[in-house]
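Okay, so here's the structure we're looking at.
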Number of protein chains: 2
Amino acid sequence: MQAAPVKATETIRPMVAADREPLRVLLEAVSNFTREEVETALELVDEWLKTGEKSGYLTYVQEQGDDPAARRITGYVCFGETPLTVGTFDLYWVAVDSALRSRGHGQALLKFAEAEIKNRGGRLFMIETSSQPTYAGTVAFYEKAGYKLAARIQEFYNERDDKLIFSKKL
Amino acid sequence: MQAAPVKATETIRPMVAADREPLRVLLEAVSNFTREEVETALELVDEWLKTGEKSGYLTYVQEQGDDPAARRITGYVCFGETPLTVGTFDLYWVAVDSALRSRGHGQALLKFAEAEIKNRGGRLFMIETSSQPTYAGTVAFYEKAGYKLAARIQEFYNERDDKLIFSKKL
């Protein structure tokens, strides 16, 4: 008799200092992040590691693996309440190990963030992204998760690079 | 013979630490700023005073008066390059002494910011404000300065309080 395939245990938990290096490696392997984007993502992460919830950059990692000694980070999400709003949150960053794309890890991270936001009394989740063709997969990913295009700011990031603003009522 | 009226000398210069207290008083007297908004404005100002240009919150004060010993602050503007964009700047704050409204001080501050942004290679200036009726004067002020509504985000600040995004190509 064959053993039934065991589903790897996947958890999402607050990021701790020991996660920084594997997360940096994961971010640098994501092909459509520029060096500046990786640095910006790590700046937010460092604020979280320094001051936690007070930073406004709530950061959670997703990890996988049955052996507690060999668990590895498969993705992360960073979001926070938008200053001067009542119940609006921004997604600052979400990334999944580039070798593990399209297996639901990213959708699980978004769903986790949505649940956390609702627990904190949030009502609206905003996501900004680029209109560049290299972000087409990202746009499809947000649309699949139920986000609607709320606005488009012409040439915001650069000439011929608009900002797309997605939102979802929670 | 009557002396010709002397136009008070008005200058706009980088904010220094000695300006913080008069600026705080000025901000607290602006009727449509909440306590939280004043605190947020001062947080940005403090970043500027701490690290200058590196803070990303370029802050300039406008002052008036012929007697150098009796000059006083009539307004201020705070703006900066938007991270991860090429040449896009955000207006973070602009305020004028509430006793001196509608005399062109605010328009002069905006024009000053636009010129500074152009000098720094900027191409687009973004302004966000609220759709609440108390901000109708603010909206008229930006429209007078040539800003166009680029997008409206429904219920962004709160229920029945949309975000209006204005922009101007420089």
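Taking 25 Å as R0, compute the FRET efficiency from the Cβ-Cβ separation of residue A:16 and residue A:36 and round it to 0.05.
0.45
Two-decimal Rg/Rh of the stretch B:39-145 from alpha-carbon positions, Kirkwood Rh?
Here the Rg-to-Rh quotient is 0.97.
Provide the net charge surrounding residue B:62, with neighbours chosen by a C-beta distance below 12 Å and charges set as Lys +1, Arg +1, Asp -1, Glu -1.
+1
If I take R0 = 30 Å and measure r between the Cβ atoms of residue A:43 and residue A:119 in this structure, what FRET efficiency does the formula 1/(1 + (r/R0)^6) give, to the nearest 0.05?
So the FRET efficiency works out to roughly 0.70.
Most mobile of B:58, B:149, B:23 per a Gaussian network model of chain B (Cα springs, under 10 Å)?
B:149
Between chain B and chain A, with a rotation axis joining them, whose C-beta in B is nearest that axis, and what is the whole-Å distance?
Nearest residue, distance rounded to whole Å: B:151, 2.
Given the options A:57, A:92, A:157, which has the most mean-square fluctuation in a GNM of chain A, springs set between C-alpha atoms less than 10 angstrom apart?
A:157
Using the 2.2 N^0.38 Å rule of thumb for compact globular proteins, work out how the protein assembly as shown stacks up: its C-alpha Rg over that value, please.
1.16
Cα axis of helix A:35-51 to longest principal axis of chain A: angle in degrees, 0 to 90, nearest 10?
It works out to around 70 degrees.
Once the other residues with Cβ under 11 Å from the Cβ of residue A:107 are scored (Lys, Arg +1; Asp, Glu -1), what is the net sum?
That works out to +2.
What residue among A:33, A:156, A:89 shows peak mean-square fluctuation when chain A is described by a Gaussian network model with Cα springs under 10 Å?
Answer for the Gaussian network model of chain A: A:156.
Roughly how many whole Å is it from the C-alpha centroid of the stretch B:76-112 to that of the stretch B:36-74?
If we compute the Cα centre of each part, the gap is 11 Å.
What is the local net charge at residue A:28, summed over the other residues whose Cβ is closer than 12 Å to its Cβ (Lys, Arg +1; Asp, Glu -1)?
-2
Taking a label point 7 Å out from Cα toward Cβ, give me the nm distances from residue A:18 to the same spot in the other copies, shortest first, one decimal.
Ordered by increasing distance: 5.4 nm.
Got the residue B:52 label distances to the other copies yet, label 7 Å along Cα→Cβ, in nm, shortest first?
Taking the point 7 Å beyond Cα along Cα→Cβ, the inter-copy spacings are 3.6 nm.
Given only helices, namely DSSP H runs of n ≥ 4 each adding -39500 (n - 2.57), what is the per-residue ellipticity at 222 nm of chain A, to the nearest 500 deg cm²/dmol?
-9000 deg cm²/dmol
At residue B:100, label 7 Å along Cα→Cβ: distances to the other copies, nm, ascending?
Between copies, matching label points for residue B:100 lie 5.8 nm apart.
Over 25 Å between C-alpha atoms is what I'm after, so list which of A:148/B:111; A:50/B:54; B:144/B:169; B:54/B:118; A:163/B:169; B:54/B:144 land there.
As for pairs spanning more than 25 Å Cα to Cα, those are A:148/B:111; B:54/B:144.
Every number in this text was worked out from the coordinates using simple rules, so none of it is lab data. Because the structure is predicted, anything quoted here is derived from the model rather than measured. We place every Cβ from the backbone using ideal geometry, glycine too, and count neighbours over all the protein chains shown.
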